[in-house]
Amino acid sequence: MLAVNQSFMNEFFQNSLAPDVFWDALAAIGTLLAVLVAVLHPMISKIKRNRRITSLIEEEIKCNYRII
């Protein structure tokens, strides 16, 4: 059974490394990554901006307490 699986894996890798399949798969992965960036970037930017604003507010409060 191991020999059958090994030969199947060899055939799979040979077929998947064929130029037409390889470039199609690479293009699909690139498109998927571009979509993930397009979807996740606004959310991550908003979270970072909110954290930055929160830290600025906290620093402002600390500075105001030092003055008093």
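The values are calculated or read from the model by the stated rules, or taken from the named source; none is laboratory data. Worth saying up front: this structure is predicted, and the values here are computed from it rather than measured. All Cβ positions, glycine included, derive from the backbone under ideal geometry; neighbour counts span all protein chains shown.
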What are the pairs with Cβ atoms under 7 angstrom where one residue, in the range 34-49, is assigned to a helix (DSSP H, G or I) and the other, located anywhere, is modelled with pLDDT under 95 and among the charged types (D, E, K, R)? Sequence gap at least six, or different chains. none
Residue pairs meeting the criteria (Cβ under 8 Å; at least 6 apart or on separate chains; first surrounded by 10 or more Cβ atoms within 10 Å (Cβ to Cβ), in the range 16-29; second not small (G, A, S)): S16/F22; V21/N15
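Rundown of residues vs (1) of a type in the set (A, V, I, L, M); (2) in contact with a helix residue (DSSP H, G or I) (Cβ under 9 Å, 6 or more places away or on another chain), yes/no style:
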| site | (1), (2) |
| --- | --- |
| Q6 | no, no |
| F13 | no, no |
| S16 | no, yes |
| D20 | no, no |
| L33 | yes, no |
| R52 | no, no |
| I57 | yes, no |
